[in-house]
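The structure appears below as structure tokens.
The numbers here are math on the coordinates, done by the rules we state, and not lab data. Everything numeric here is computed off the predicted structure, so don't read it as measured data. Neighbour counts run over all protein chains shown; Cβ positions are idealised from the backbone, glycine included.
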Amino acid sequence: MNLYSPRSDMPPIQEDAWVPSTCSLCYGTCSILAHRVDGVVVKIEGNPDSEVGKGRLCGKGVSGIMTHYDPNRLRYPMRRTNPKKGLNEDPGWKRISWDEALDEIGEVLRKLRADDPRKLVVQRTTTVTACRVPFHAFATAFGTPNFSVSGGGQHCGNGAHLISGMMHASWSVVPDFEYCNYSIFFGASKGHSAGHASCSNMGKAADARARGMKMVVVDPLCNFAAAKATEWVPLRVGTDAALALGMCNVMVNELGIYDGPYLQAKTNAPYLVGPDKLYVRHPESKTPLVWDTRTNGARPFNEVPAADMALEGEFTVGGISCHPAFQSLREHLRKFTPDWAEKISGVSAATVRRLAKEFATEARIGSTIVVDGVALPYRPVAAIAFRGAQGHKNSVYNFFSVTLLNHLVGAADVVGGCLGFNPTSHGYPETGMVRYLPNADPDGLMIVGSWMGYHYPYPPAQPRLPQNLGLQDLFTIGMTSPFLDSTDREEMWEKFDVPYRPEVMINCGANLVMSIANKDAVAASLSKYKFIVSFDLFLTETSNFVDIILPDCDYLQSLDARSNYPFIFSLPAGMGEWCWPIRQPVLPPEGDQRQFADVLLELADRVGFRADLNAAYNAWLDLRPPYRLVGDESYSYERICDAELKNNFGTERGLEWFKEHGLIKWKKKPEEVYWRPFVDARVPVYLEFLKPIGDKIAAIAEPRGLKIPLEYYEPLPDFLPCRSHCCDKPGFDFYGFYYRDVVHTNSFTMENPWLDETARLDPFSYAIAMNRSEGVKRGFADGQAVWVESETGRKVKGRLKLTEGIHPEGLGFAAMCGHWTDGQPVAKGKGVFYNDLLELDWEHTSPININLDLCVKVRVVPAESAS
Amino acid sequence: MGVRWDAVVDPAAVGRHQPRPPLPQPVIDRSSRRIRVCVRLFGALAALSAERSLRLELPAATTIAGALAALGERLGGTLLAQLLDERGQKRRHCRLFVGGYPVEDLRMPLHATDDPTEIDIILLIAPEGG
């Protein structure tokens with residue numbers, strides 16, 4: 001008997017449909033086909049028509065069914081009846097109707113808006129990209145600048161996105177897998193794990209490896225990327241800058257290999273700098289000057305052919321001694337000897353020299369290649385960094401030092417080199433919409449053409465006495481802020497006379513109690529809110545602080561007209577096709593579930609700011625006549641999505657067209673992908689603008705008692721130690737860090753039973769990785785229960801996994817585990833809650849980009865012997 | 001020093017990209033008629049101002065910058081400081097729309113038309129992450 005044949009007594013199938021949509025198990029937002037049979041989704045696969053995933057789907061994506069059909073999903077609004085809030089306080093949930101919920105929320109918001117709209121904090125999860133525009137539009141319309149992307153944003157972006165944006169006009173960077181011959185991954189796993197354009201990159205990376213691309217992975221842990229690499233270079237946690245700077249020094253000063261023409265034409269290397277470390281400028285126009293070797297004089301940079309700009313030499317201009325910025329850089333690099341790099345990073349001097357030589361040689365400086373009939377520079381090397389290098393107090397210099405490797409050899413957004421994710425688009429051919437190009441500021445330095453918000457990486461906004469709770473208008477190099485929840489937030493707000501306090505929060509899907517730092521700090525912050533509303537799929541640890549829970553629709557039940565836009569975020573880089581997929585409902589809501597976008601529109605109607613919300617949507621979506629939303633008309637979210645699609649792709653291609661086709665594609669041009677030679681903008685290899693920014697911040701902060709360490713604002717990079725590097729407490733001899741698990745997305749997917757089963761088969765997913773030799777030396781055994789204690793006395797418990805694949809001083813924690821909520825019974829009790837070791841205060845925050853320090857010096861003791 | 005960066009690019013290739021369709025042009029009255037605009041403020045700006053929709057009458061040949069200056073005179077420097085930085089440049093997160101089309105260059109001239117020109121102004125959220 002064939003067990004898989006339909007039984008004769010089963011009713012005939014009435015409906016069998018494959019519905020194109022997009023995944024939301026992580027922010028990769030890969031395109032999917034959901035197989036629906038008689039109203040039930042039975043399978044999820046990748047969509048082969050889409051560039052986003054190219055028909056493939058990772059384990060998380062195919063497991064989405066189990067998240068959707070989880071019986072623990074929220075199905076109706078609830079209100080707490082216990083006014084007391086705490087980590088272990090039962091909220092006393094009572095079921096209420098949507099009318100009751102929105103009546104109360106509307107009343108709270110109406111009063112708050114009349115009082116001071118800034119008292120509203122809007123927070124979203126980064127996992128669900130679809131909530132970005134609706135929640136941004138809502139906050140914009142309401143009138144609050146206080147927006148948070150929770151731990152996902154705080155842990156993963158202030159360094160990475162800042163430097164990627166400044167140097168590559170994009171949110172993140174990736175090797176040009178199609179042409180790259182030699183790649184170095186510093187704490188990154190692009191193409192080997194989750195993240196931006198993950199499934200597409202996995203295919204590209206596999207093809208690149210098969211083609212023979214050498215891949216060097218620099219990481220404390222031999223993990224997803226390192227496991228497939230040609231070479232794994234174990235590195236002391238948080239010391240990426242030291243290795244990268246050592247390599248830069250070898251390239252420039254020992255080998256003498258660098259791309260002079262690139263530096264002359266595309267960077268500020270030729271700009272003259274004086275003894276004050278600032279540009280020497282034309283007295284009237286204030287344009288930075290360069291030394292013209294043909295006329296033998298100083299002239300504005302935009303009046304001198306690049307080939308004539310000096311990169312070295314000592315000059316006098318208007319009585320000021322000065323030299324090109326490249327000369328400053330070259331001299332500065334000399335102190336980063338390979339021996340020095342070895343001492344800091346643990347990577348041997350011989351390896352530093354070898355990596356530098358391999359990278360510089362394979363860069364093939366001066367070579368060109370023809371792609372689709374266009375002659376382009378060819379530099380088949382790429383050094384990339386991401387979450388590993390970014391999770392530190394020193395993330396700005398970590399990242400900048402790595403990216404300097406690319407820019408010294410001209411391997412930036414050219415064939416084979418380090419590519420930003422789609423920094424340039426010439427637009428959809430028929431309408432010209434979604435077109436953007438980087439351009440230059442008056443100093444000639446690059447401004448991004450597209451960004452995820454308006455806090456651009458360059459030029460940074462001028463610091464001011466802060467009006468935002470996160471203080472980002474003071475620390476203008478930073479993006480996501482810890483100061484909404486830090487233990488010293490009140491002290492900071494008082495220091496800077498912030499004239500209001502947060503009272504109400506609207507949260508979408510973020511589990512702040514777990515995602516940012518130790519739970520006690522976050523609990524204290526959340527307890528102060530008068531009212532919290534949360535859109536969620538499940539009850540989470542954060543739900544204990546929420547007043548009204550609203551049951552959200554998940555991705556199989558939701559509409560989103562721009563799943564993979566902006567293109568700088570999750571559309572694959574490199575040649576191929578532009579691709580604009582949508583997300584459409586595959587299944588109806590269950591119970592009283594409603595999509596957050598619809599609820600926000602209704603709230604705006606109830607509170608009375610619909611006209612503002614329409615205007616906000618017009619601005620965020622760049623809607624032009626005749627598709628602009630008008631007045632205070634109560635457009636549904638479907639109509640707004642339809643307007644956006646027609647606005648971008650023409651009258652015939654609205655929502656109904658996209659529901660049928662799933663996506664639209666058009667061919668990329670080489671000038672779009674390899675845009676660097678075509679855009680007249682430079683990037684800084686000398687961060688001149690940091691110094692005046694730092695001085696201004698200090699001028700505001702120091703009279704108020706906050707000392708600003710200005711070594712973080714120097715124009716040339718250095719290795720600045722994290723707090724963990726300075727800890728010399730006896731017995732605290734491991735560097736704790738957490739890393740992304742390919743099986744899970746932060747804390748979100750732990751509840752998924754298929755993913756949990758997969759994780760339990762993986763010896764690392766719920767364990768603490770320790771170097772085998774170090775473990776045996778200390779008397780530890782594989783699987784042993786241990787306490788891990790931070791130097792500040794915080795403790796977490798877990799089980800060891802001894803492995804040769806980790807730096808001897810590293811202690812690696814996978815994903816964001818350790819749930820304790822009863823609302824997610826599959827997730828509960830699995831793995832280790834690493835973030836509980838993290839402090840959340842100024843001392844553990846970068847004074848330049850307000851990045852939280854995510855590495856911790858710890859000691860490990862057997863669990864039985866812990867007091 | 002090898003191949004020059006500025007010699008690699010074929011200038012003809014740059015022109016291969018699709019030009020953007022021209023924006024619709026208003027019916028322009030080239031007389032010396034004064035320019036009537038209707039400025040609408042949204043979001044945080046509306047919260048700062050007693051008037052969220054106001055009509056201004058401006059001299060011929062006024063630019064957007066001139067219109068904002070007039071707005072500042074009417075509503076005060078605090079509001080204007082939200083739109084413009086200390087150098088008089090539009091703040092990045094301040095979005096301006098004239099007749100429904102985004103404007104970045106404040107030097108753009110306004111024209112006298114039969115109906116008042118609509119100028120919408122809104123401040124968007126700055127920080128992001130993830």
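Exactly which GluC sites (Glu not before Pro) in the range A:1-97 are in a DSSP loop and have at most 13 other Cβ atoms within 10 Å? Display every interim value, and only then the final one.
On the way: sites: A:Glu15, A:Glu45, A:Glu51, A:Glu89; in loops: A:Glu15, A:Glu51, A:Glu89.
Passing both the DSSP loop test and the Cβ count: A:Glu15.
Value of Rg to Rh for the range A:483-563, rounded to two decimals, is 1.05; Kirkwood radius and Rg both from alpha-carbon coordinates.
Hey, what's the Kirkwood Rh for the range A:388-490 if you take every pair of different alpha carbons, in angstrom? It would help to have the intermediate numbers written out before the result.
Working: mean 1/r = 0.0605 Å⁻¹.
Computed over the range A:388-490, the radius equals 16.5 Å.
I want the antiparallel fraction of DSSP beta bridges within chain A, as a percent rounded to 5. Percentage antiparallel, nearest 5: 60.
Quick check of the Kirkwood formula: for the range A:90-237, what is the inverse mean of 1/r over all pairs of different Cα atoms, in Å? Can you show the working numbers first?
Working: mean 1/r = 0.0527 Å⁻¹.
Computed over Cα pairs of the range A:90-237, the Kirkwood hydrodynamic radius comes out at 19.0 Å.
Entry for the range A:724-865 at q = 0.20 Å⁻¹: log10 I(q)/I(0) = -1.23, Debye formula applied to identical alpha-carbon scatterers, no solvent contribution.
Using Cβ contacts closer than 10 Å as the measure, can you line up A:Tyr378, A:Tyr69 from fewest to most? Walk me through the numbers before you get to the answer.
Numbers: A:Tyr378 24, A:Tyr69 13.
Listed from fewest to most nearby Cβ atoms, that is A:Tyr69, A:Tyr378.
Per residue of A:111-118, other chain Cβ atoms within 10 Å of the residue Cβ number 1 on average. Using Stokes-Einstein with the Kirkwood hydrodynamic radius over Cα pairs, what translational diffusion coefficient do you get for the protein assembly as shown at 25 °C and a viscosity of 0.890 mPa s, in µm²/s rounded to a whole number? Once the numbers are plugged in, D ends up at 84 µm²/s. If you wrap the range A:525-597 in the convex hull of its Cα atoms and look at it from every side, the mean projected area works out to 7.2 nm². Inter-chain neighbour count for A:610-617: the average number of beta-carbon atoms from partner chains within 10 Å of each residue's beta-carbon is 4.
Expected output is a single nm value to one decimal: the length gained when fully extending between A:Arg606 and A:Glu660, i.e. 0.36 nm times separation in residues minus the C-alpha distance. What is it? Mind showing how you got there, number by number?
Working: separation 54, 0.36 × 54 = 19.44 nm, distance 3.38 nm.
16.1 nm is the gain from fully extending A:Arg606 to A:Glu660.
For the pair the range A:248-298 and the range A:311-380, the centres of their Cα atoms are 14 angstrom apart. Relative to one another, the C-alpha centroids of the range A:90-143 and the range A:146-206 are positioned 31 Å apart. Around the Cα centre of chain A, unit charges on the Cβ atoms of Lys, Arg, Asp and Glu (plus for the first two, minus for the last two) sum to a dipole of about 980 debye.
Kirkwood Rh over alpha-carbon pairs of the range A:1-139, then Stokes-Einstein at 10 °C and 1.306 mPa s: what D in µm² s⁻¹, rounded to an integer?
Values: Rh = 19.4 Å.
Translational D for this selection: 82 µm²/s.
Highest first, please rank the peptides A:169-176, A:748-755, A:303-310, A:206-213 by the mean number of other Cβ atoms sitting within 10 Å of their residues.
Numbers: A:169-176: 29.5, A:748-755: 24.4, A:303-310: 17.5, A:206-213: 14.8.
Going from most to least packed, we get A:169-176, A:748-755, A:303-310, A:206-213.
Cross-link pairs exceeding 21 Å in C-alpha to C-alpha distance, out of A:Lys530/A:Lys830; A:Lys204/A:Lys801; A:Lys54/A:Lys665; A:Lys729/A:Lys801; A:Lys266/A:Lys667, comprise A:Lys530/A:Lys830; A:Lys204/A:Lys801; A:Lys729/A:Lys801; A:Lys266/A:Lys667.
Can you tally the net charge around A:Ala521? Count Lys and Arg as +1, Asp and Glu as -1, for every other residue whose Cβ sits under 11 Å from the Cβ of A:Ala521.
Details: positive: A:Arg489, A:Lys519, A:Arg794; negative: A:Asp485, A:Asp488, A:Asp520, A:Asp836, A:Glu839, A:Asp841.
Computed value for this residue: -3.
Please list, short to long, the whole-number percent of alpha-carbon pairs of the range A:595-677 in consecutive 5 angstrom bins beginning at zero. Result, from short to long distances: 3, 13, 20, 18, 15, 12, 8, 5, 4, 1, 0 percent.
Taking a ≥ b ≥ c as the square roots of the Cα gyration tensor eigenvalues, with a/c under 1.5 meaning rounded and otherwise prolate when a/b beats b/c, else oblate, which class fits the range A:158-246?
Details: a/c = 1.61, a/b = 1.11, b/c = 1.45.
Oblate is the answer for the range A:158-246, as a/c is 1.5 or above yet b/c matches or exceeds a/b.
Going by alpha carbons, how many degrees (0 to 90, nearest 10) lie between the helix axis of A:395-408 and the longest principal axis of chain A? Orientation of helix A:395-408: about 50 degrees from the principal axis. Percent of Cα pairs in the range B:31-123 per distance bin of 5 Å, from zero to the largest separation: 3, 14, 27, 28, 18, 7, 2, 0. Using only C-alpha positions, report the orientation-averaged shadow area of the convex hull of the range A:16-68, nm², one decimal. The number I arrive at for the range A:16-68 is 3.2 nm².
Entry note: the range A:262-353 has Rg to Rh equal to 1.13, where both radii use alpha-carbon atoms and Rh is the Kirkwood radius.
What's the FRET efficiency of A:Glu430 with B:Glu57 using the Cβ-Cβ distance as r and R₀ = 30 Å, to the nearest 0.05? Before the final figure, lay out the partial values.
Numbers: r = 40 Å, r/R0 = 1.34.
The calculated FRET efficiency here is 0.15.
The peptide list A:830-838, A:362-370, put in order of mean Cβ contacts within 10 Å with the highest first, becomes A:830-838, A:362-370. Taking every DSSP bridge with both residues inside the range A:724-865, close to 65 percent are antiparallel.
Taking each DSSP H run with n ≥ 4 as -39500 (n - 2.57) and averaging over every residue of the protein assembly as shown yields -7500 deg cm²/dmol at 222 nm.
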